[in-house]
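The values are calculated or read from the model by the stated rules, or taken from the named source; none is laboratory data. Bear in mind that the values here come from a model prediction, so they are computed numbers and not experimental data. As a convention, Cβ positions derive from the backbone with ideal geometry for all residues, glycine included, and neighbour counts pool all protein chains shown. Areas reflect the complete protein model, heavy atoms only, side chains present, ligands, DNA and RNA absent. Shrake-Rupley method; radii C 1.70, N 1.55, O 1.52, S 1.80 Å.
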Amino acid sequence: MTDIQTFPDVVRAHAEHSYAEELTALATVDDRPRPPSWRLSPWAVTKYILGGTLANGVDITPKYLGSERLVEIAVASLATDRALLLLGVPGTAKTWLSEHLSAAISGSSTLVVQGTAGTPEEALRYGWNYARLLAEGPSRGAMVPGPVMRAMEAGSLVRVEELTRIPSDVQDSLITILSEKTLPIPELNTEVQARKGFNVIATANNRDKGVNDLSSALRRRFNTVVLPLPDSLDQEVEIVATRVRSLGEALELPADLAALSEIRRVVTVMRELRSGVTADQRTTIKSPSATLSTAEAISVMTNGLSLAAHFGDGTVGAEDVAASLVGAVIKDPVQDRVVWQEYLETVVRNRPEWKDLYRACRDLETSN
Ligand SMILES: Nc1ncnc2c1ncn2[C@@H]1O[C@H](COP(=O)(O)OP(=O)(O)O)[C@@H](O)[C@H]1O
Ligand SMILES: [Mg+2]
């Protein structure tokens, strides 16, 4: 997209800019067939997502840590005429994966519709520049195409975030687009037909309140891939460590993660509270109201990194993570506080090597 300039000091660069070198290196070695309009072959897209070393020695960093097969299924389905729906609890990298898929396949991840209860039909179709509409009457020049229409014209991917938060009648305007690959424009007595390469990646949480389930007509147009929570502690620690390290670099936080031990502890707390049982399977505990996802662990550790950098000794310790850990767990000030207190007293307190964490959390209580 040429109308979007890149500045070196943006807070967060788009995937296609952050990883431009990797994408170029992949395109150079990629000699496999590419579906129409794709920048890379499905093999190279998968390599970009999962990481590895290329034949020319270039290292590709892993973006998504998880099942290779899952990524292959997602990529393969985008090469068909069916759209892709990434489903999962919050924080399972649905948005992250869809951004990287669009960057690798279409070279741009910026065509995106954010689904909310107030998403209007114009966002999925087109709106009007009213000044021009009044001056000229309905014309192509007076139209304001939405991201989906622009993707259809460009033959690229478009992302629809949180599809199930969009009101059902608005959702259903996707049906014609996905089944007929055309967007009728009755005002101009014409239509926009999707160019080859057009497809949709939608994400949806399956544990959202107030969702509008997909109609069966719409659901049939999607291949669904469910993104799971990481199945082992080690895997989740690795995900958190990788992301926190790169976030810390991007934010230029002059602090050390030191060992993985602090991450391991935070991830253990999250996993235990999430599953309702301690890691040794001995003690059952209550779960708090919020989903304690990998993403929460990442933000707890990033906050810890910032505290350690600016107010601590530069290495993340218990006192740096305690505050945001408690904040992540206690979302409902009454119920969750009880859950957390119980966990603190029955689990954290009884682990001799967690004494510092127990003390840091207790200190927070008394200072409140
Ligand atoms: N399996 C995973 N591999 C890599 N990163 C992950 C994984 N799971 C979670 N994350 C990280 O969690 C963060 C939040 O993910 P996000 O895509 O916003 O979640 P969702 O859209 O599913 O709610 C991202 O920074 C992402 O890197
Ligand atoms: Mg998301």
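Quick check: anything in the range 119-126 touching a residue at least 12 places away in the same chain (Cβ under 8 Å) and within 16 Å of ligand 2 (Cβ to nearest atom)? Reasoning before the result, please.
Let us first name the residues in the range 119-126 that are touching a residue at least 12 places away in the same chain (Cβ under 8 Å), namely 119-126.
If we keep only those that are within 16 Å of ligand 2 (Cβ to nearest atom) as well, we get 119.
Yes, the range 119-126 contains a residue that is touching a residue at least 12 places away in the same chain (Cβ under 8 Å) and within 16 Å of ligand 2 (Cβ to nearest atom).
When you go through 37, 41 one by one, which is the residue that is on the phi > 0 side of the Ramachandran plot, surrounded by 15 or more Cβ atoms within 10 Å (Cβ to Cβ), more than 16 Å from ligand 2 (Cβ to nearest atom) and assigned by TED's automatic domain parsing to the domain that holds residue 201? It would help to see each step written out before you state the result.
Numbers: 41 fails: on the phi > 0 side of the Ramachandran plot.
Going through 37, 41 in turn, the sole match is 37.
Within the range 166-174, does at least one residue satisfy the condition of being under 20 Å from residue 95 (Cβ atoms) and not aliphatic (A, V, I, L, M)?
Within the range 166-174, one or more residues are under 20 Å from residue 95 (Cβ atoms) and not aliphatic (A, V, I, L, M).
Starting from the range 158-178, take each residue that is over 10 Å from residue 218 (Cβ atoms) and open to solvent by 30 Å² or more (accessible area, probe 1.4 Å) and list its partners that are acidic (Asp, Glu) and away from ligand 1 (no atom under 16 Å from the Cβ), counting only C-beta distances under 9 angstrom and pairs at least six apart or across chains.
169/121
Does residue 158 meet the test of being in a strand (DSSP E or B), modelled with pLDDT of 95 or more and within 16 Å of ligand 1 (Cβ to nearest atom)? Please lay out each step first, then the result.
Values: in a strand (DSSP E or B): yes; modelled with pLDDT of 95 or more: yes; within 16 Å of ligand 1 (Cβ to nearest atom): no.
When the stated conditions are applied, residue 158 does not pass them.
Hey, can you tell me all the residues within the range 220-254 that are polar (S, T, N, Q) and in a strand (DSSP E or B)?
223, 224
Charged (D, E, K, R), open to solvent by 10 Å² or more (accessible area, probe 1.4 Å), within 24 Å of residue 88 (Cβ to Cβ) and within 16 Å of ligand 1 (Cβ to nearest atom), is that true of residue 219?
Judged against the criteria, residue 219 is not a match.
Among helices (runs of 4 or more DSSP H) lying entirely in the range 286-368, which contain 1 or more residues that are small (Gly, Ala, Ser) and surrounded by fewer than 15 Cβ atoms within 10 Å (Cβ to Cβ)?
318-329, 355-367
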